[in-house]
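The block underneath contains the structure these notes are about, expressed in structure tokens.
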Amino acid sequence: METVEVFDSPGKGRGLRATKEVWAGDVLFAEPCYASVVFDSFSAHVCHCCFRRQQKLQRCGQCRFAQYCDRTCQRAAWEEHKQECSAIKSYGKVPNENIRLAARIMWRLDKHGDVMSDLQLTKLNDLEDHISDIPEIDLKELKVDIHNFLDYWPKTSKQHTVDNISHIFGVINCNGFMISDHKGLQAVGVGLFPNLCLVNHDCWPNCTVILNNGNHSAINTMYHTQKRIELRALGKISVGDELTVAYVDYLNLSEDRKRMLKQQYFFDCTCDHCTNKTKDDLKMGGAVVDGEKVPDEKVKEITKYSLEMLQKMDKARMDANYNEVVKICRECVGKQENVLADTHIYQLKMWSTLSEVLSYLKFFDEAAVYARKMVEGYMKLYNPNNAQLGMATMRAGVTHWQAGDIEVGHGMICKAYAILLVTHGPTHPIVKDLEAMRLQTEMELRMFKQNEYVYHSMREAALTNQPMQMMAEPIEEGIKSLFRKK
Ligand SMILES: [Zn+2]
Ligand SMILES: [Zn+2]
Ligand SMILES: [Zn+2]
């Protein structure tokens, strides 16, 4: 590969570094998926080939498990599904997603061998499996998975040692990459990208990784299936700099990030932001009212109260009881106001949920108010080129557009477009959507400036057709952790 090389990163094991100077939005490498499976919970809702959510899917006549958009997707997936299909038939049931993924990886290894190519920077065998770090309780689960794997694995396929099998399970355990639906809004599966496993973590990274699920608008469904990730630079990277991505969302406090990283990836984060607890004070801070800081005591009390309300809210949300969600959020933001800083993460979380759910319930004006507060808070915390910031800005832009505030709406959509162009790249479906929104809101803004009356009547019509609705139902926060959470 031309732009990256493997090296020994001090204190971190193997890592990747740049061999060429790159700038924001440059792609350091793209990597096709080695193997992937749909989550157990989504196996009836997304195509097992292109991972697109579909109302109507066609079932594989053999195993009755795999489902596809159409025959083209089925044919494209056959190479990966063939052995799985007959294994499921003779096993008599469908094993869980871990086992299905491990088996797909093993079949692929058996067919092609564990060779490195110019594009593959590591052997699967050389990847970390952290088996010795796994706590006792999880180890039990792993043993059950391996036991079931051995029952599922066909006698006619090549046989492997338990050590080899547990290595693959270990690799999946810490490096199973979340695969989103085609718009990147929801995680629907898990896959393995060997090169990506070499990219180390930093809480304030210089790269981001984005899944591009292929071109879903193409008439020819063959183009739907080219699942690949891109490692994209967030800013200038010089020759020799280590490339890093964030495994966990920066919006967590440093101690929480450290705990999550230790639990799932088995290392102690020593990045600058963790060492200096950078921005922790903002994330837990109190408001300043009339030049006076709110007493710590009060901030602590409302912080504790907010945490309880967040748990209540999550539960109502899981039950899809959106009126209850709104009730809880409204009550909570009322208490948070003038006590918590506008960057306090519990307040941001409430604003984010409230704006999302209100907009789903079509209370656009109120939704827009909270969406704007959320984005302004995020801007003070996140790296200016953070993908989460870009997605939140897009959502806020759409909400303002829905509320009829075309000037702010257009401004936010332009801002989101600029961020996602760096983090997602110009060919990503969501950026294509944004481009269309940018053009439409630009046209509307021009019309608004010429004649407000014509603008408002046109907007009514547009809202009825709902060309900009992004999601049918509010969904949990999008995707905030890179690898699959246990
Ligand atoms: Zn499909
Ligand atoms: Zn089948
Ligand atoms: Zn850190």
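The values are calculated or read from the model by the stated rules, or taken from the named source; none is laboratory data. Given the structure is predicted, the values throughout are model-derived calculations rather than measurements. Cβ placement follows ideal geometry from the backbone for every residue including glycine, while neighbour counts extend to all protein chains displayed.
Below are the figures for this structure:
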item: Residue count for segment 45-104, restricted to those that are within 16 Å of ligand 1 (Cβ to nearest atom), among the charged types (D, E, K, R) and more than 26 Å from the chain's Cα centre (by Cα); result: 5
item: Residue, nearest to Ser306 (Cα to Cα), within segment 265-286, restricted to residues that are in a loop (DSSP other than H, G, I, E, B) and out of contact with any strand residue (DSSP E or B) (no Cβ under 9 Å at 6 or more places or on another chain); result: Lys279
item: Residue match in segment 400-414 (condition: touching a helix residue (DSSP H, G or I) at 6+ places or on another chain (Cβ under 8 Å), aromatic (Phe, Trp, Tyr) and modelled with pLDDT of 90 or more); result: yes
item: Residues of segment 72-120 classified as among the polar types (S, T, N, Q) and assigned to a helix (DSSP H, G or I), total; result: 6
item: Close pairs from segment 187-198: first aromatic (Phe, Trp, Tyr), partner in a strand (DSSP E or B), Cβ under 7 Å, at least 6 apart; result: Phe193/Glu31; Phe193/Phe177; Phe193/Ile229
item: Subset of segment 197-214 [modelled with pLDDT under 95 and in a loop (DSSP other than H, G, I, E, B)]; result: Asn213, Gly214
item: Qualifying residues in segment 22-65 (those that are touching a helix residue (DSSP H, G or I) at 6+ places or on another chain (Cβ under 6 Å) and aliphatic (A, V, I, L, M)) - the one surrounded by the most Cβ atoms within 10 Å (Cβ to Cβ); result: Val37
item: Exclusive hit being surrounded by 13 or more Cβ atoms within 10 Å (Cβ to Cβ) and closer than 24 Å to Met379 by Cβ, set Lys312, Lys279; result: Lys279
item: Some residue of segment 97-112 being free of Cβ contacts under 8 Å to residues at least 24 places away in the same chain, away from ligand 3 (no atom under 16 Å from the Cβ) and surrounded by fewer than 18 Cβ atoms within 10 Å (Cβ to Cβ); result: yes
item: Qualifying residue in segment 13-21 (condition: within 16 Å of ligand 3 (Cβ to nearest atom) and either part of a loop (DSSP other than H, G, I, E, B) or crowded, with 16+ Cβ neighbours inside 10 Å (or both)); result: yes
item: Among (1) surrounded by fewer than 14 Cβ atoms within 10 Å (Cβ to Cβ); (2) touching a residue at least 40 places away in the same chain (Cβ under 8 Å); (3) at positive phi; (4) of a type outside the set (Lys, Arg) - the single one Gly92 does not satisfy; result: (2)
item: Scope segment 215-259; condition part of a helix (DSSP H, G or I), surrounded by fewer than 22 Cβ atoms within 10 Å (Cβ to Cβ) and either among the basic types (Lys, Arg) or at pLDDT 95 or above (or both); matching residues; result: Ser254, Glu255, Asp256, Lys258, Arg259
